[in-house]
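Right, one structure below, let's go through it.
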Amino acid sequence: MACGLPRSPGQGPVVRARDEPGAPGTRRRYGPRCRLPGSACLDVFRAVCRPRDEVVLENLALRQQVAALLRQRPRPQLDDVDRAFWIALRRSWPQWVNALLIVKADTLARWHRERFRRHWANLCRRPGRPRICTEIRGLIREMATHGRGAPRIHGELLELGFDVAEATVWRYMPRRPVEPDQLARWIAFLRNYKEAIAAMDFFTLPTLSLRVLYGLFIIDHGRRRIVHFNATCNPTAQWVIQQLREAFPFDTAPAHLIFDRDAIFSAAVVRFVQALAASPRRIAYRSPWQNPVAERWIGSCRRERTCRRGLPRMEFRRARRPCYDASH
């Protein structure tokens with residue numbers, strides 16, 4: 001039956017359609033409709049084909065609306081999909097920081113660190129090496145209190161029939177304070193020969209693909225200058241030798257080269273350093289204070305480059321490349 005709506009003379013009754021707002025038997029819909037991924041891709045295609053002036057004005061209008069919404073709700077709720085979008089955008093767009101309005105660059109870096117931490121926490125749940133018993137750990141600490149070093153304790157444990165690695169012995173040895181004479185001698189060595197000293201070390205960086213990127217750098221103590229830098233996903237002793245060959249060509253090696261006791265710096269690396277007419281200087285276990293210039297540069301690199309702005313594009317590209325031995 002027709003509704004009693006006003007009509008002009010000479011016209012029949014006006015009938016309101018069911019799809020018209022306010023018609024009987026219909027529901028009013030509030031809010032925007034859900035957009036499908038296909039419609040979003042279509043909008044991107046239209047934006048590419050549109051003139052540049054219209055795209056700039058549209059972006060300006062959208063930014064003004066976002067700023068108005070932020071005044072009403074300063075901290076909008078973001079789900080995992082939104083976080084994944086911004087992490088992926090950081091990987092593919094160098095100017096991603098300039099477009100941030102609802103989140104900060106530090107927040108985005110914190111999301112990535114938490115994601116990386118959860119990934120490695122899940123990997124660490126797998127069963128690994130069995131822990132040594134309490135009796136062996138007490139025996140290691142007792143031998144260490146009598147002034148015995150890790151190599152001697154390791155040899156005596158092997159004679160007693162305990163198959164324990166030397167690195168495990170170092171792990172359970174009690175930490176002793178640094179002797180004042182040893183500290184004074186090492187500081188005097190660093191000050192007197194700083195023009196003839198170089199140091200090398202590794203540091204790790206997490207990538208967006210949940211892999212670990214290993215960066216090797218060689219720094220000069222005299223001018224605090226980076227002599228050589230390279231990164232790889234699978235560091236080996238042969239790869240380190242090739243980096244030393246590229247860093248010090250034509251008899252330009254320093255008189256002293258400081259590095260730690262990492263397993264990658266094996267006996268082959270030590271022999272190659274000696275072949276360069278340089279004196280290898282290994283620091284003691286758990287003694288980063290003996291390599292202060294390298295440790296300070298690692299801290300600066302993490303604070304200024306990776307924590308605030310994320311990883312550089314060069315590091316992402318190298319992380320995706322297949323690693324190879326450059327000496328072949």
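The values are calculated or read from the model by the stated rules, or taken from the named source; none is laboratory data. Keep in mind that this is a model prediction, so the values were computed, not measured. Cβ placement follows ideal geometry from the backbone for every residue including glycine, while neighbour counts extend to all protein chains displayed.
Out of the residues in segment 250-266 that are over 23 Å from the mean Cα position of the chain (by Cα), of a type outside the set (A, V, I, L, M) and under 21 Å from residue 191 (Cβ atoms), which is surrounded by the fewest Cβ atoms within 10 Å (Cβ to Cβ)?
256
Working only within segment 215-244, note down all residues that are of a type in the set (D, E, K, R) and surrounded by 15 or more Cβ atoms within 10 Å (Cβ to Cβ).
Taking segment 215-244 and keeping what is of a type in the set (D, E, K, R), we get 220, 223-225.
The answer is 220, and nothing else.
When the residues of segment 226-237 are narrowed to those that are in contact with a strand residue (DSSP E or B) (Cβ under 7 Å, 6 or more places away or on another chain) and of a type outside the set (Val, Ile, Thr), which ends up nearest to residue 257 (Cα to Cα)?
228
Starting from residues that are more than 9 Å from the chain's Cα centre (by Cα) and surrounded by 18 or more Cβ atoms within 10 Å (Cβ to Cβ), keep the ones in segment 202-213 and report whichever is modelled with the highest pLDDT.
My answer is 202.
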